[in-house]
1. In region 212-237, how many residues are over 12 Å from the mean Cα position of the chain (by Cα) and among the hydroxyl-bearing types (Ser, Thr, Tyr)?
2. Scanning for something assigned to a loop (DSSP other than H, G, I, E, B), closer than 15 Å to Val224 by Cβ, more than 20 Å from the chain's Cα centre (by Cα) and aliphatic (A, V, I, L, M), does region 143-161 turn up at least one residue?
3. When Tyr52 is evaluated against the numbered criteria (1) modelled with pLDDT of 90 or more; (2) more than 12 Å from Phe13 (Cβ to Cβ); (3) surrounded by 11 or more Cβ atoms within 10 Å (Cβ to Cβ), which criterion, by number, is the only one it fails?
4. Give region 87-142 a look and list any residue that's β-branched (Val, Ile, Thr) and either at positive phi or not in a helix (DSSP H, G or I) (or both), or say none.
5. Mind listing whichever residues of region 50-86 are in a loop (DSSP other than H, G, I, E, B) and among the hydroxyl-bearing types (Ser, Thr, Tyr)?
6. Read through the list (1) loosely packed, with under 12 Cβ neighbours inside 10 Å; (2) assigned by TED's automatic domain parsing to the domain that holds Glu144; (3) over 22 Å from the mean Cα position of the chain (by Cα), then give the number of the only condition that Gly105 fails.
7. Check every one of the helices (runs of 4 or more DSSP H) wholly within region 225-274 and list those with 2 or more residues that are at pLDDT below 80 and of a type outside the set (Asp, Glu).
8. Condition check: touching a residue at least 12 places away in the same chain (Cβ under 8 Å), closer than 30 Å to Ala139 by Cα and not in a strand (DSSP E or B). Does Gly7 satisfy that?
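The values are calculated or read from the model by the stated rules, or taken from the named source; none is laboratory data. What you see is a predicted model; the values in this text were computed from it and never measured. Heads up, the Cβs are rebuilt from the backbone with ideal geometry, glycines too, and the neighbour counts pull from every protein chain shown.
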Amino acid sequence: MARDRVGKKPLYFLDDGRTVLFASDIKSIWSIRSSELTNDPWALDEFLFNYYIQQDRSIYQQVGKLQPAEYAIFRLDAGNTTRKKYWSLSYANKSIRSESEWLDGLEHHLRQAVKRRLIADVPIGAFLSGGVDSSTIAALMAQESGRQISTFTIGFERIEQYDERGHAKRVADHIKSRHQEIVLEPNVWAILPHLVWQYGEPFGDASAVPTYFVSKAARQFVTVVLTGDGGDETLAGYDRHLSADRERRLGAIPSFIRRGLLLPACLVKLRARPSHP
C-alpha cells in the first residue's frame, strides 16, 4: 500500500503478523479490534506537547500510519514489513524568474487545480473567510464555472475577533456569489462528543468547531466544497515560519556574539518600546 506524496489523506494500518487491517479512518480499525487496542503513551505525550501526533504513529500502540510519500509491503509469511519513501520534495534545482513570472505561474497552477475540481456531477460550493487563500479559490471558481457559485462563511455572535462575515461578504459581493452566512452562538459544547468521535484521535485545533457547523450548513445546498486550506503551509504564511527563518539566519552567527551583543540589544529595544493601554 502507498500514501499520497504530501500526506493529504491519512492511511492507518494494523499488522499483527497474521492479519493486516488498513483504512483512511482509524475508526474502521477500532470497530474490528477495539478490545485489543491500548493507548500509546508516547503519542499522548506528543499530542500534549505539540497538539498533534506525528505522522508515523497513532494514539493506539497497535496502529501505525504510513508517512507521506511512503509505501509498505507486508509479508505475512515472513512476519515483517518493508517501508520506504518513494518520493521527496527537492529544492536542489532552483528556478530563476522575476516576481511577475512567479505570480503568473502560481495563478496558472491554481486555476488549473480549481478547473479540475469543478468537474463533478454534484453541486459544488466554497468556504469563504474573506482571507487571501479562500478568496482566491472562490474568485477562480466564479471565473471558471460559468455560473453563479455558492459560498459559505461563519460568524460568531458577541465574539468579533473571530467573526469573518464582513470580509467574506465584500468578496462575495465582488464575485457575485450566492452567499450564506452561518452565525454561531458561543455555547457549542453539545457537539464536542460528536466531534471527538468523528476525528478518532486527539485533535488540538479549535477550528474543528466552526468547520463542523459550516460544513453541516453547506450540505443543505452543495455536496462538495473547495477551501483555501493549505495556502499558509505552502506559502509560509504563519508567524512560526518567520520565526524559523530568523532562527536559521541567527544560527550562522557565533553563539558568543548572539549572547554578548544581540540579546542585550533586543532587551534594550523591548524596554524602549512604548506601552499601550
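1. The first filter runs over region 212-237 and keeps only residues over 12 Å from the mean Cα position of the chain (by Cα), leaving 212-226, 235-237.
From what's left, among the hydroxyl-bearing types (Ser, Thr, Tyr): 212, 215, 223.
Result for region 212-237: 3.
2. Within region 143-161, one or more residues are assigned to a loop (DSSP other than H, G, I, E, B), closer than 15 Å to Val224 by Cβ, more than 20 Å from the chain's Cα centre (by Cα) and aliphatic (A, V, I, L, M).
3. The failed condition is (1).
4. Residues of region 87-142 β-branched (Val, Ile, Thr): 96, 114, 119, 122, 124, 132, 136-137.
Listed by number, the residues that qualify are Ile96, Ile119, Val122, Ile124.
5. Start the filter on region 50-86 by keeping residues that are in a loop (DSSP other than H, G, I, E, B), which leaves 51-56, 58-59, 61-63, 66-69, 76-79, 86.
Tyr51, Tyr52, Ser58, Tyr86, listed by residue number.
6. Only one criterion in (1) loosely packed, with under 12 Cβ neighbours inside 10 Å; (2) assigned by TED's automatic domain parsing to the domain that holds Glu144; (3) over 22 Å from the mean Cα position of the chain (by Cα) is unmet by Gly105, namely (1).
7. 239-250, 263-272
8. Numbers: touching a residue at least 12 places away in the same chain (Cβ under 8 Å): yes; closer than 30 Å to Ala139 by Cα: yes; not in a strand (DSSP E or B): yes.
For Gly7, the condition - touching a residue at least 12 places away in the same chain (Cβ under 8 Å), closer than 30 Å to Ala139 by Cα and not in a strand (DSSP E or B) - is met.
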